Amino acid sequence: MARAPITPATKALDAAGVEHVVHSYVHDPGVSAFGAEAAEKLGIDEARVFKTLVVQLDDKQLAVAVVPVSGSLDLRSLAQAAGCKRAALADTALAEKRTGYVRGGISPFGQRMRLATYLDESAFAHPTIFVSGGRRGLDIEVAPDALLHATEGQRAPIARD
């Protein structure tokens, strides 16, 4: 049996004793819809694959929004959940620098600088969800409650269809 790839995300989950399953696939470098690609290659419903987006809040703090790839982030709802007036997607270079991951591989786990994490409530419709494992072509399957525990995150209605 092949060993699961090791990334800061998998190391963080192992260290925290969080139950998870690592899934890898061959990423097509021509694809930029990373979540949809993961769903297709892993043979799962897009509603169970969640993207990790780095946002900048109006107090200049960064946060992470974890929303289904089948929907989009509602920035107004995220700002409200974070107790701010506004939120905007963070600059890609800043997001990569603060998390230690590249776009399309940003994981809610094992970030260089731990960011406040908000998980969309739709995740709780599933026993497990899939999030990036820290690189393109690597997803981690984890229970929504375990994700919140591992990230010290909050559940919030932050996605829209």
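The values are calculated or read from the model by the stated rules, or taken from the named source; none is laboratory data. In this text the structure is predicted, and so the values were computed from the model without any measurement. Here the Cβ is made from the backbone with ideal geometry for all residues, glycine too, and neighbour counts use every protein chain on show. What goes into the accessible areas is simple: the full protein's heavy atoms, side chains included, and nothing from ligands, DNA or RNA. Shrake-Rupley method; radii C 1.70, N 1.55, O 1.52, S 1.80 Å.
Kindly indicate the residue of segment 122-161 that is acidic (D, E) and under 13 Å from the mean Cα position of the chain (by Cα) and also surrounded by the most Cβ atoms within 10 Å (Cβ to Cβ) among those meeting that condition. Lay out the reasoning, then the answer.
Within segment 122-161, the first condition is being acidic (D, E), and the residues that meet it are 139, 141, 145, 152, 161.
Those still in the list that are under 13 Å from the mean Cα position of the chain (by Cα) too: 139, 141.
Numbers: D139: 28, E141: 19.
Checked segment 122-161; the qualifying residue surrounded by the most Cβ atoms within 10 Å (Cβ to Cβ) is D139.
Quick check on my filter: what residues within segment 2-35 are exposed (fewer than 12 other Cβ atoms within 10 Å of the Cβ) and in contact with a Lys or Arg (Cβ under 8 Å, 6 or more places away or on another chain)?
V26
Out of the residues in segment 123-161 that are in contact with a helix residue (DSSP H, G or I) (Cβ under 7 Å, 6 or more places away or on another chain) and in a helix (DSSP H, G or I), which is farthest from K97 (Cα to Cα)?
F124
Please go through segment 54-103 and pick out each residue that is surrounded by 22 or more Cβ atoms within 10 Å (Cβ to Cβ) and under 22 Å from T10 (Cα atoms).
V54, A63, V64, A65, V66, V67, P68, A95, T99, Y101
Could you look through segment 104-121, keep only residues that are small (G, A, S) and either farther than 16 Å from A65 by Cβ or open to solvent by less than 40 Å² (accessible area, probe 1.4 Å) (or both), and pick out the one that is nearest to the chain's Cα centre (by Cα)?
S107
Go over the candidates A79, A16, A90, A39 one by one and state the one that is closer than 15 Å to P157 by Cα and not aromatic (F, W, Y).
Numbers: A16 fails: closer than 15 Å to P157 by Cα; A90 fails: closer than 15 Å to P157 by Cα; A39 fails: closer than 15 Å to P157 by Cα.
Among A79, A16, A90, A39, only A79 is closer than 15 Å to P157 by Cα and not aromatic (F, W, Y).
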